[in-house]
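These notes are about the structure you will find just below.
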DNA sequence: GTTGAAAGCCAGTAACT
DNA sequence: AGTTACTGGCTTTCAAC
């Protein structure tokens with residue numbers, strides 16, 4: 001699958017808002033018959049356009065009150081150091097996102113924790129103890145004003 | 001629904017990884033009969049623990065190559081100004097996340113765009129033109145190393 | 001909470017345009 | 001690529017326990 005057309009985009013837009021819609025309803029919404037629609041959805045999944053299908057849980061409802069944006073500055077720019085740091089972040093359950101960035105800062109993390117105690121434990125365990133990590137800055141957030149996983153197509 | 005128990009947490013963990021699992025398979029995975037499992041899932045949705053069910057699309061596959069983390073500093077700390085800024089960010093399709101933070105910075109945005117041209121257009125339209133916005137700093141990312149929507153329960 | 005049964009809808013296939 | 005027709009299976013509900 002090299003390209004996606006308007007109908008594929010309509011399908012993806014719908015499924016990004018609600019992936020529990022029935023194939024029948026989706027087909028009607030995008031102007032296709034159910035089997036034709038189902039074939040497209042399968043192709044979009046198999047070709048990797050749709051990475052996964054997930055339920056989104058309200059963090060506040062389960063006691064995750066804090067979001068912390070962390071700017072990380074490494075001591076050196078060697079690729080292997082980057083890799084080991086990235087692997088550590090990928091393994092850390094507190095880290096929900098990790099971006100490698102250009103400029104003075106090397107990484108930006110989005111960390112989600114119940115409280116400051118949990119964040120301090122994470123920072124000690126995975127940040128402060130890292131010899132390759134030069135310094136990091138934490139921006140504390142009590143309000144996540146927007147969280148939208150959909151990509152406009 | 002005041003509290004959730006171990007079984008609810010197991011259900012949420014599963015559905016955060018894959019919400020297309022059949023109720024039968026989910027029931028078996030968490031050690032419940034299908035009707036009992038279905039009732040719990042319905043309760044979790046109605047009580048707002050599950051906010052939404054979505055398909056996650058690969059940004060690179062659809063040409064969204066850039067993530068930009070933006071630190072925004074406002075000129076004043078009035079609530080009504082915050083609100084109008086938040087509303088603008090919520091309406092902007094480029095902004096996938098917006099966090100109000102404490103400290104020198106007032107907001108952190110996660111912006112997703114195809115290229116720098118699209119980002120500059122957004123920054124001009126929604127940031128630089130805002131008289132209440134003092135300054136902003138953009139951290140450019142070409143690599144999103146981790147993006148996990150699941151909350152560990 | 002479980003089982004068992006019944007109803008209805010839907011996914012998925014097949015055959016065809 | 002698309003549609004129509006069909007079937008098997010699953011979700012979902014309702015009982016009774």
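The strands (runs of 3 or more DSSP E) found wholly in segment A:39-111 and carrying at least 1 residues that are without any contact (Cβ under 8 Å) to a residue 40 or more places away in the chain and closer than 20 Å to residue A:146 by Cβ occupy A:50-57, A:95-101. If you go through segment B:16-34 and keep only what is more than 12 Å from DNA strand D (Cβ to nearest atom) and not in a loop (DSSP other than H, G, I, E, B), you end up with B:16, B:17, B:30. Of the residues in segment B:143-152, not one is farther than 25 Å from residue A:64 by Cβ, within 19 Å of the chain's Cα centre (by Cα) and more than 7 Å from chain A (Cβ to nearest Cβ). Screening B:42, B:76, B:6 for residues that are under 24 Å from residue B:130 (Cβ atoms), more than 8 Å from chain A (Cβ to nearest Cβ) and at pLDDT below 95 leaves exactly one candidate, B:76.
Kindly indicate the residue of segment A:49-72 that is facing chain B (nearest Cβ under 7 Å) and touching a helix residue (DSSP H, G or I) at 6+ places or on another chain (Cβ under 6 Å) and also surrounded by the most Cβ atoms within 10 Å (Cβ to Cβ) among those meeting that condition. The selected residue is A:55. Number of residues in segment B:77-90 that are touching a helix residue (DSSP H, G or I) at 6+ places or on another chain (Cβ under 9 Å) and surrounded by fewer than 18 Cβ atoms within 10 Å (Cβ to Cβ) equals 1. Please go through segment A:15-37 and pick out each residue that is within 13 Å of DNA strand C (Cβ to nearest atom), surrounded by 18 or more Cβ atoms within 10 Å (Cβ to Cβ) and within 9 Å of chain B (Cβ to nearest Cβ). Selection gives A:15, A:19.
Of the listed requirements (1) surrounded by fewer than 18 Cβ atoms within 10 Å (Cβ to Cβ); (2) outside any strand (DSSP E or B); (3) in contact (Cβ under 8 Å) with a residue 40 or more places away in the chain, residue B:119 misses just one: (1). Is it the case that residue A:126 is more than 9 Å from chain B (Cβ to nearest Cβ), part of a loop (DSSP other than H, G, I, E, B) and surrounded by 14 or more Cβ atoms within 10 Å (Cβ to Cβ)? The answer is no for residue A:126.
The values are calculated or read from the model by the stated rules, or taken from the named source; none is laboratory data. Please read all numbers here as calculations on a predicted model, not as lab measurements. Cβ atoms come from the backbone with ideal geometry, glycine included; neighbour counts cover every protein chain shown.
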